[in-house]
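So the structure is just underneath, and the comments pick up after that.
The values are calculated or read from the model by the stated rules, or taken from the named source; none is laboratory data. All values derive from a computational prediction rather than experimental measurement. Please note: Cβ atoms are built from the backbone with ideal geometry, for glycine as well, and neighbour counts cover all protein chains shown. For accessibility, only protein heavy atoms count, side chains too; no ligands or nucleic acids. Shrake-Rupley method; radii C 1.70, N 1.55, O 1.52, S 1.80 Å.
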Amino acid sequence: MRTLRPLFAATLLCLGTPAVAETLPISGSDPAAANVNDLLRLSVDRFEGEDGSAFAQRLEAALGDARFAGLSYYRIVAPESGAPIDGLLTGTTRASVDEVPVTEKRKKCTEYDPADKNKCVKEIEVDIRCRRRTISVATTARLVAIQDGTIRYTRPLNARDQQTYCPDRSASRTVDDYIDWAQKDQVQAIRRDLAPTGYNLDVRVDENRKGLSKPASESFKEAIRLTKSDPAAACATWASLTSGAEPTAALAFNLGLCAEMGRDFDAATDWYGQAQRLGSKNRDIGEGLARIERHRRALADWDARKRLMGVN
């Protein structure tokens, strides 16, 4: 079993915003999907298509806002400036709208109760004329490294919305509203591919007290209660239960969450692995291990990038 000293040190750092009930707050970053570590100065050229200019401006702003460890991930260079750049992002974005006539069935009352004019006693089905509207938004982005001309990233993105509206039922959104939403969503998808994305999660703790003595079970239960107001105290309580005793699968999992919360990823990996060896079937173990691996990749990418930036 790992020494608990690093675990205590890690959890004591996590005195920020309390988690919601029965969860611990986990934060980290997913790495950029594309190979962009050596591309520091980026230019976003105008995308082809009627909305291409606005799309490019949104993408430029999103990438310009990308941060890691409090620092800008890219230096955005205006394409018309002629200043040196490492990468050029181009593409197309096009929206299309197609409408076709359709019919739907409705019930129509042909006879009402003479004693109650609001009560129908005979009805028939009739056809009403409607229209089915399909909106498609197709975007393709491509990133080229200027130094060697290699294509570092390319991705097609497609969004589609279909609605039927009738005299008695209007469409829930306008064409312009949907196109605007879809293009904003596609901008964010490209931004996630080209720069790390931070996340803040509330991950549910394992409340299973099976295998614990009665006093330990009560302490375990108290730690669960403490997650609502004092996550660090909850983790310290769980850690104290491992003194001189083998942890249960649930306890090992919760200590893995505690270590991940405190960014002691080696300890978190060990605790999650121990939970698995003790027979835990908690699917959050695999998700936690995957989160840690992705965050480590993001950190490694950032270290490589900092060396090029000349940042300590």
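I'm checking my understanding of the structure. Among residues of the range 50-71 that are open to solvent by 40 Å² or more (accessible area, probe 1.4 Å) and over 19 Å from Ala32 (Cβ atoms), which one is nearest to the chain's Cα centre (by Cα)? Ranking the qualifying residues of the range 50-71, first place goes to Gln57. Being more than 20 Å from Asn35 (Cβ to Cβ) and either open to solvent by less than 50 Å² (accessible area, probe 1.4 Å) or aliphatic (A, V, I, L, M) (or both) is the filter here; which residues of the range 72-90 pass it? Those that are more than 20 Å from Asn35 (Cβ to Cβ) and either open to solvent by less than 50 Å² (accessible area, probe 1.4 Å) or aliphatic (A, V, I, L, M) (or both): Ala78, Ala83.
For (1) within 30 Å of Arg305 (Cβ to Cβ); (2) of a type outside the set (Gly, Ala, Ser), each residue gets a yes or a no:
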residue	(1), (2)
Pro79	yes, yes
Thr90	yes, yes
Thr93	yes, yes
Ser96	no, no
Gly149	yes, no
Tyr153	yes, yes
Gln162	no, yes
Ser170	no, no
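Scanning the range 215-238 for residues that are farther than 15 Å from Leu24 by Cα and either small (Gly, Ala, Ser) or touching a residue at least 24 places away in the same chain (Cβ under 8 Å) (or both) returns Ala216, Ser217, Ser219. Pro84 satisfies every condition listed in (1) without any contact (Cβ under 8 Å) to a residue 24 or more places away in the chain; (2) not in a strand (DSSP E or B) except (1). Would you confirm, using the coordinates I've provided, whether Thr93 is surrounded by 18 or more Cβ atoms within 10 Å (Cβ to Cβ), modelled with pLDDT under 95 and of a type outside the set (Phe, Trp, Tyr)? Criteria not met by Thr93. If the condition is being within 33 Å of the chain's Cα centre (by Cα), without any contact (Cβ under 8 Å) to a residue 60 or more places away in the chain and farther than 21 Å from Asp148 by Cα, then the range 87-115 contributes Thr92, Arg94, Ser96, Asp98.
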